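One structure below.
The values are calculated or read from the model by the stated rules, or taken from the named source; none is laboratory data. None of these values were measured; they are calculated from a predicted model. Because the Cβ atoms are built from the backbone with ideal geometry, glycine has one as well, and the counts that use them run over all protein chains shown.
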Amino acid sequence: MEIKITKAAVLKEKPDSSTLGFGKIFTDHMFMMDWNDQKGWYNARIVPFENISLHPASTVLHYGSEIFEGLKAYRRKDGKVQMFRPIENIRRMNRSAERLCLPEIPEDLAMQVLTTFVELEQDWTPSAEGTSLYLRPFMFGNDESLGVHAVHNATYVIIASPVGSYYAEGINPVKIMIEDEDVRAVRGGTGYAKCGGNYAASNRAGERAAKQGYSQVLWLDGVERKYIEEVGAMNVMFKISGKIVTPMLSGSILPGITRMSCIEVLKSKGFEVEERLLSIDELAAAMENGTLEEAWGCGTAAVVSPIGELCYKGVKYPVNNGEIGEVTQSLYDTLTGIQWGKLDDIFGWIKEI
């Protein structure tokens, strides 16, 4: 598809890497493309970054017809820019689109517009240690009608933000509270889709945990309130008696790209990885008898986030003496090494710009 490019008349000054947070500074341009059920995808364009105008009756504002993705571009020491497994983000977005009755984007078209946009904005990719260019593709329904129905009109957008190191003071273990009241998602719902409603519904429990001094919550399933699902907005993994255990993808858990990458790296290093149901009772027993050796969350923003303490029903359980474990550190070093081009990409994950 031809992509029309309208460059900004005045380019912004690039920020100093030391001032970067997460998602607060945006590049000069954004990508946009429209869809309707008669034309399909049309009017692909890169335009100056600006506000989006919406009709007050737009579907997204009333019925939550919205999905998004998150991935990064990294600057290597040789100056070149590369993305990490973008095809997997494209495929996951299409699965999310199918669930929310939004239009899917052909993989070759999605890759074309993503790489074209990153090529234009690649100068915004910072070079300081741990920094990257965060890419946020998103799609929303914008029918100008209050009727409840499948979407007939939609818009796809990509914006980009230079971001700092997730760990400003090093990769330190966090404290997590096990949530046994609210749930993140249920089987048959939208748990496996990356849509805004999943995150909005999780905020209440996260706020309660924060008031008690915890970084996030560990979610239990929404049916039996028994099985471990995710930690905050990340997938979660445990090392129990030498084996790696992670909750199986049952339909209520987001199939994380970092989760997938962790499993592939672990298997390549000879670890046995079990994707299965893991009950809170089994985890509590492992915490009590000392067979829980390590625990960590994994996701795009942090790569891996070590868990140093779990709290369940008021009882606090330290994990690995509150220190980062050997497996967790190895995963972080391997994945970030590939992402920033410090290690050879033996898995074929990198897309160069």
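For the range 264-273, the condition holds for at least one residue, the condition being that it is in contact with a strand residue (DSSP E or B) (Cβ under 8 Å, 6 or more places away or on another chain) and part of a strand (DSSP E or B). Residues that are in a loop (DSSP other than H, G, I, E, B), charged (D, E, K, R) and either modelled with pLDDT of 95 or more or under 30 Å from G222 (Cα atoms) (or both) do occur in the range 135-151, at least one of them. Looking at the range 47-64, is at least one residue within 14 Å of I159 (Cα to Cα) and surrounded by 17 or more Cβ atoms within 10 Å (Cβ to Cβ)? No - not one qualifying residue is present in the range 47-64. Scanning the range 1-10 for residues being over 30 Å from H152 (Cβ atoms) and surrounded by 13 or more Cβ atoms within 10 Å (Cβ to Cβ) gives a total of 1. Given the condition farther than 25 Å from K342 by Cα and surrounded by fewer than 16 Cβ atoms within 10 Å (Cβ to Cβ), answer yes or no: does some residue in the range 25-37 qualify? Within the range 25-37, one or more residues are farther than 25 Å from K342 by Cα and surrounded by fewer than 16 Cβ atoms within 10 Å (Cβ to Cβ).
Of the candidates S132, S145, S127, S165, the single residue that is of a type outside the set (A, V, I, L, M) and closer than 30 Å to A57 by Cα is S145. The condition of being assigned to a strand (DSSP E or B), among the hydrophobic types (A, V, I, L, M, F, W, C) and not assigned by TED's automatic domain parsing to the domain that holds A200 holds for only one of I87, I67, I105, I52, that being I67. Each residue in the range 298-353 was checked for being part of a helix (DSSP H, G or I) and surrounded by fewer than 17 Cβ atoms within 10 Å (Cβ to Cβ), and 7 pass.
Only one of the listed residues (G206, G222, G197) is surrounded by fewer than 18 Cβ atoms within 10 Å (Cβ to Cβ) and not in a strand (DSSP E or B). That residue is G197. Scanning the range 297-327 for residues that are of a type in the set (V, I, T) and under 21 Å from K72 (Cα atoms) gives T300, V303, V304. Residue pairs, Cβ under 8 Å, 6 or more apart or interchain, first in the range 13-35 and aromatic (F, W, Y), second exposed (fewer than 13 other Cβ atoms within 10 Å of the Cβ) and modelled with pLDDT of 95 or more. List them. From residues that are aromatic (F, W, Y), the pairs are W35/Y42.
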